[in-house]
Amino acid sequence: MNFCKTIPFFFNFALIFFLENIIFAPLVDTFTIPSDDIHALTRRSKSYNPPLVSSSIIIPSAAEIVNLTRFITYSAASYCPNSKTWKCGQLCDNIPQTTVISTFTTKPDFITNLTKTYLKTNDTEAYAVITVNSKDREIVVTFRGTADLGNILKDIEFIQWPYAYASTSIPLPSILPGDYVHYGFYTMFLDFQTPIRNNISTLIKQYPNYQIVVTGHSFGGALALFTALDIKQFFVGINPFLYTYGEPRVGNSNFASFVNNALSFIRRVINQAELVPHIPYTLGWIEYVHHKGEIWIANSAANAAVECLGVENNLCSSSVNEIDWNFDDHFGPYWGIRIDASLCK
């Protein structure tokens, strides 16, 4: 056995064991947080005045806002159980002429089994849906975000792992030296990699002139990032668009630089003072840095948003004081769209 490869496993085992047995287990019999209302953990939404236009601040165009609204709608719809048939009420109705091609859930793993045992829930798998929209001529891969405490436990596997890939379009080594990513997010993505490749391979032949878009909210944004990179590298001549909402940090500065160079179109939306995009943060030798593409909704009630050039622009969400970080903003509204189970029918 390679000792170096076992370190992340044993580190995560110890961390999860502590959280499960010391933190969560004593609480299981006293309260339950419903999957569709995890954002009720805190209610401290906070709005801001957007920064003034400058060399690093741009006002998104009306056409850009239309697209940003459409893809948060896809992401919100993925939380609905009946998104598998695209009959999920208002959210699905807002994107007509959409056909579901495939849906996927991850196989049970160590975290899933712990969650079933201690938190007494079976709703722990990550979920993705691939759709084709004839109106907008798009193939869309959408990842559901953190829907339950099982996913949250996966989120906290913050130890890093080398980023590796098999590329057919970017002439770089299979393992990027110095590029490290979030172990929990990356290993979850690997469960989706083969079936998504197989589906995309078929769809680009059926719809050769359609744009491929990958989107996701929260934890799903991290999976969307890895998927967009994989599509870019695996399929020659395919340049996917990436839209994420409330995406956490995924890797170190080397990895962020690779993302910035590999993907030509990235939109990473942050709503007001939402917590998740500010984590994980650098802790000792474990470094986490965002990639480019930030769109900051400074005031969601006024739909006041700015495009922030550079990486972690200090005029945008990085200016938010950590005491104001909250969960409520993480669930919207993003241009009027909330992540809300009441919108699912």
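Mind telling me which of the residues SER264, SER318, SER342 ends up being more than 16 Å from GLY246 (Cβ to Cβ) and either without any contact (Cβ under 8 Å) to a residue 12 or more places away in the chain or assigned to a helix (DSSP H, G or I) (or both)? Lay out the reasoning, then the answer.
Numbers: SER264 fails: either without any contact (Cβ under 8 Å) to a residue 12 or more places away in the chain or assigned to a helix (DSSP H, G or I) (or both); SER318 fails: more than 16 Å from GLY246 (Cβ to Cβ).
Result of the check over SER264, SER318, SER342: SER342.
Going by what's in this entry, would VAL269 be described as buried (at least 18 other Cβ atoms within 10 Å of the Cβ), at pLDDT 95 or above, under 16 Å from LEU68 (Cα atoms) and out of contact with any Gly (no Cβ under 7 Å at 6 or more places or on another chain)?
Values: buried (at least 18 other Cβ atoms within 10 Å of the Cβ): yes; at pLDDT 95 or above: yes; under 16 Å from LEU68 (Cα atoms): yes; out of contact with any Gly (no Cβ under 7 Å at 6 or more places or on another chain): yes.
Yes: the conditions hold for VAL269.
May I ask you to list pairs of residues, at least six apart or on different chains, whose Cβ atoms are under 7 Å apart, with the first in region 198-224 being on the phi < 0 side of the Ramachandran plot and the second being among the acidic types (Asp, Glu) and crowded, with 24+ Cβ neighbours inside 10 Å?
From residues that are on the phi < 0 side of the Ramachandran plot, the pairs are GLY221/GLU247; ALA222/GLU247.
Based on this model, can you work out whether GLU274 counts as surrounded by fewer than 24 Cβ atoms within 10 Å (Cβ to Cβ), acidic (Asp, Glu) and free of Cβ contacts under 8 Å to residues at least 60 places away in the same chain? Full working, then the answer.
On the way: surrounded by fewer than 24 Cβ atoms within 10 Å (Cβ to Cβ): no; acidic (Asp, Glu): yes; free of Cβ contacts under 8 Å to residues at least 60 places away in the same chain: yes.
So GLU274 does not fit the description; no.
Looking only at region 51-68, count how many residues are under 24 Å from the mean Cα position of the chain (by Cα) and part of a loop (DSSP other than H, G, I, E, B).
3
Is there a residue being modelled with pLDDT under 95, within 23 Å of ARG338 (Cα to Cα) and not in a helix (DSSP H, G or I) anywhere in region 109-121? Don't jump to the end; show me each part of the working.
Step one: filter region 109-121 for residues modelled with pLDDT under 95, giving 109-121.
Now restrict to residues that are within 23 Å of ARG338 (Cα to Cα): none.
No - not one qualifying residue is present in region 109-121.
Looking only at residues that are under 17 Å from GLU247 (Cβ atoms) and of a type in the set (A, V, I, L, M) in region 288-307, which one is surrounded by the fewest Cβ atoms within 10 Å (Cβ to Cβ)?
VAL289
Looking at region 9-23, can you tell me whether even one residue there is at pLDDT 90 or above and either surrounded by 15 or more Cβ atoms within 10 Å (Cβ to Cβ) or in a helix (DSSP H, G or I) (or both)? Steps first, please.
Quick first cut of region 9-23, residues at pLDDT 90 or above only: none.
No, the conditions are met nowhere in region 9-23.
Among the numbered criteria (1) touching a Lys or Arg at 6+ places or on another chain (Cβ under 6 Å); (2) under 25 Å from ALA76 (Cα atoms); (3) not polar (S, T, N, Q), which single criterion is violated by ILE270?
The single condition ILE270 does not satisfy is (1).
Can you give me the number of residues within region 284-307 that are without any contact (Cβ under 8 Å) to a residue 24 or more places away in the chain and aromatic (Phe, Trp, Tyr)?
Qualifying residue count for the region: 1.
Give me the strands (runs of 3 or more DSSP E) completely within region 124-224, filtered to those with at least 1 residues that are at pLDDT 95 or above, among the charged types (D, E, K, R) and within 22 Å of the chain's Cα centre (by Cα), ordered by residue number.
Details: elements: 127-133, 138-143, 160-164, 175-182, 211-217.
Answer list for region 124-224: 138-143.
The values are calculated or read from the model by the stated rules, or taken from the named source; none is laboratory data. Only a predicted model underlies this, so the values are computations on that prediction, with no experimental measurement involved. Note: ideal-geometry Cβ built from the backbone for every residue, glycine included; neighbour counts use all protein chains shown.
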